[in-house]
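J.: The structure under discussion is supplied below as structure tokens; questions concerning it will follow.
The values are calculated or read from the model by the stated rules, or taken from the named source; none is laboratory data. Keep in mind that this is a model prediction, so the values were computed, not measured. All Cβ positions, even for glycine, are placed from backbone atoms using ideal geometry, and neighbour counts span all protein chains on display. The protein model used for the area step is the full one, side chains on, heavy atoms only, and it has no ligands, DNA or RNA in it. Shrake-Rupley method; radii C 1.70, N 1.55, O 1.52, S 1.80 Å.
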Amino acid sequence: MLKRVMVVVAVVMLMGVLVYANLAAEKNELIYLKQILPQTNFEKTSDSPPIFKAVQRNGNSYFFVVFGEANGYGGPIKMATVINQLGEIQQVVVVENRETPSFLNKVLKANYLDQFKGREANAPLELGADIDSVTGATVSTRAIADAVRQGSYEAAVRQLGLNVPQRTESWQFGLAEALAVLLYLAVLMLGLVWKKPQTRLLTSLVSVVVLGFWLKIQISLSSVSGLFLGYWPAVRPNIVWYVIVIGGLGMVVFSGRNLYCYWLCPFGGVQELTSMLKSEPQRRRVANPILKLLPKVLLWFGLLLIFFFRNPAVGSYEPFGTLFGLSGTILNWLLLLVIIVASIFIYRFWCDCLCPVGAFLEICLNIRRRLGKAFRHLAKPASPDQTPVKQ
């Protein structure tokens, strides 16, 4: 009884924090303007999207500052675009973001934003056309381009009277998407239909290469919390994200088995490799009940922070970006080193003691099993002695 009360209280607290953060969210672009264009007077000319006319104090020139926003891998990225009176983009600034830090840092270090300078406000601004993406951070680079285009097109039409090209978002389905779909289908066939558990290690190792080091996309606390916060990237150019994240969650829920963690998770595959460094007849796993409860506690605290600040990066501590993106702070690298070393001696140490995604999927499975049991009970025909007698 006490356990159920604690669960209810924890869920209510999360929902309360999420509702409060939504109501308290305030968008005030004025706090960014003075940082972007000092010594300037501003006049707001549009609310949606926010556009400001910036007249320099000498009165000889003016600019437009327009704000746009698009969802990246971990959350929305808000961009400010400065456009001069000739319709040229002068500056592009990330003013607010809830993106996964490792991806955004990679984009900024590659000087990706410099590509927008000097381009016309009504230019295509599309990846692969006039803008180059950053390898390993495609979702983030596309979100930035979408946010800049969104704002600059509005300024081009409303303030400068320019024509903008008609743009239809094309479906992006190439080798990456095809491999992700094939990998997921292989897991479903091998794990549920043919039931070949000996092939599990093979799919894990393939996922390390394909999902981890190549695509750098997997289910994380950032992506899980982003689903609750409504931070969904555009569908057509981000099919691979939906295949991996939504497909992975759906596979677990509808199959009733945690196929993602043990067959597909790239970091789980890395732990499979590290466990082979120490040969033992029987792999040792964590048995301490307190340590096994820790992932759920970390999941709750992580979601609490993320919901309060509406920022998936705040509560995310996972080492995925550090390992597969080869980027991170000293603390990130130290955490990764500790996990790798521990997983040599304790099989799937991260999964059993620290992983919030595994805890979330376990909760989803428990809910699914309870609902399935309840539905089966309702659908079960009454026994003969319980059949009502017709009068």
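J.: Within the stretch 212-226, is there a residue that is touching a residue at least 40 places away in the same chain (Cβ under 8 Å), open to solvent by 30 Å² or more (accessible area, probe 1.4 Å) and not aliphatic (A, V, I, L, M)? Lay out the reasoning, then the answer.
T.: To start, the set of residues in the stretch 212-226 that are touching a residue at least 40 places away in the same chain (Cβ under 8 Å) comprises 212-213, 216-226.
Keeping just the survivors that are open to solvent by 30 Å² or more (accessible area, probe 1.4 Å) gives 213, 216.
Checking which are not aliphatic (A, V, I, L, M) leaves us with 213, 216.
Yes, the stretch 212-226 contains at least one residue that is touching a residue at least 40 places away in the same chain (Cβ under 8 Å), open to solvent by 30 Å² or more (accessible area, probe 1.4 Å) and not aliphatic (A, V, I, L, M).
J.: Taking the conditions exactly as written (under 17 Å from Asn71 (Cα atoms) and touching a strand residue (DSSP E or B) at 6+ places or on another chain (Cβ under 7 Å)), does Val94 satisfy them or not?
T.: On the way: under 17 Å from Asn71 (Cα atoms): yes; touching a strand residue (DSSP E or B) at 6+ places or on another chain (Cβ under 7 Å): yes.
Here the answer is yes, as Val94 does meet what is asked.
J.: Could you say which residue among Asn288, Asn258 is open to solvent by 30 Å² or more (accessible area, probe 1.4 Å) and under 27 Å from the mean Cα position of the chain (by Cα)?
T.: Asn258
J.: Please determine, by comparing only the residues of the stretch 176-203 that are within 15 Å of Tyr262 (Cα to Cα) and charged (D, E, K, R), which one is surrounded by the fewest Cβ atoms within 10 Å (Cβ to Cβ).
T.: Residue satisfying both the conditions and the ranking: Lys195.
J.: So, of the residues in the stretch 113-138 that are open to solvent by less than 50 Å² (accessible area, probe 1.4 Å) and touching a Lys or Arg at 6+ places or on another chain (Cβ under 9 Å), which turns out to be farthest from Ser46 (Cα to Cα)?
T.: My answer is Gly136.
J.: Another one. Enumerate the pairs (first residue in the stretch 353-367 and under 21 Å from Leu305 (Cβ atoms); second residue anywhere and charged (D, E, K, R) and surrounded by fewer than 24 Cβ atoms within 10 Å (Cβ to Cβ)) with beta-carbon separation below 6 Å, excluding pairs fewer than 6 apart on the same chain, so at least 6 apart or on different chains.
T.: Filtered contacts from the stretch 353-367: Ala359/Lys296.
J.: OK, next. Condition first: outside any helix (DSSP H, G or I), in contact with a Gly (Cβ under 8 Å, 6 or more places away or on another chain) and among the polar types (S, T, N, Q). Now tell me which residues in the stretch 315-342 satisfy that.
T.: Taking the stretch 315-342 first, the residues outside any helix (DSSP H, G or I) are 315-319, 326-329.
Filter once more, keeping what is in contact with a Gly (Cβ under 8 Å, 6 or more places away or on another chain): 315-317, 319, 327-328.
Result: Ser316, Ser327.
J.: Might you check whether a residue that is on the phi > 0 side of the Ramachandran plot, part of a loop (DSSP other than H, G, I, E, B) and without any contact (Cβ under 8 Å) to a residue 60 or more places away in the chain occurs anywhere in the stretch 178-199?
T.: Here is the first cut: in the stretch 178-199, the residues on the phi > 0 side of the Ramachandran plot are 195.
Filter again for part of a loop (DSSP other than H, G, I, E, B), leaving 195.
Then drop every residue that is not without any contact (Cβ under 8 Å) to a residue 60 or more places away in the chain, which leaves 195.
The answer is yes, given that some residue of the stretch 178-199 is on the phi > 0 side of the Ramachandran plot, part of a loop (DSSP other than H, G, I, E, B) and without any contact (Cβ under 8 Å) to a residue 60 or more places away in the chain.
J.: Can you tell me which residue is nearest to Phe309 (Cα to Cα) among those in the stretch 213-222 that are touching a Gly at 6+ places or on another chain (Cβ under 7 Å) and assigned to a helix (DSSP H, G or I)?
T.: Ser222
J.: Separate question: In the set Gln166, Gln159, Gln172, which member is open to solvent by 30 Å² or more (accessible area, probe 1.4 Å), farther than 30 Å from Leu299 by Cα and touching a helix residue (DSSP H, G or I) at 6+ places or on another chain (Cβ under 9 Å)? Don't jump to the end; show me each part of the working.
T.: Working: Gln166 fails: touching a helix residue (DSSP H, G or I) at 6+ places or on another chain (Cβ under 9 Å); Gln159 fails: touching a helix residue (DSSP H, G or I) at 6+ places or on another chain (Cβ under 9 Å).
From the options Gln166, Gln159, Gln172, the qualifying one is Gln172.
J.: If you don't mind, another one. Restricting the first residue to the stretch 322-334 and requiring it to be of a type in the set (A, V, I, L, M), which pairs with a second residue that is in a helix (DSSP H, G or I) meet a Cβ separation below 6 Å and a spacing of at least six or different chains?
T.: So the pair list comes out as Leu323/Leu336.
J.: I'm trying to understand the selection: among the residues of the stretch 247-306, which are touching a Ser or Thr at 6+ places or on another chain (Cβ under 8 Å), of a type in the set (Gly, Ala, Ser) and either at pLDDT 90 or above or at positive phi (or both)?
T.: Gly268, Gly269, Gly302
J.: Suppose the filter is open to solvent by 60 Å² or more (accessible area, probe 1.4 Å), at pLDDT 75 or above and closer than 21 Å to Glu120 by Cβ; does Leu86 pass it?
T.: For Leu86, the condition - open to solvent by 60 Å² or more (accessible area, probe 1.4 Å), at pLDDT 75 or above and closer than 21 Å to Glu120 by Cβ - is met.
J.: Hey, among the residues in the stretch 147-156 that are among the hydrophobic types (A, V, I, L, M, F, W, C) and touching a Pro at 6+ places or on another chain (Cβ under 9 Å), which one's surrounded by the most Cβ atoms within 10 Å (Cβ to Cβ)?
T.: Ala155
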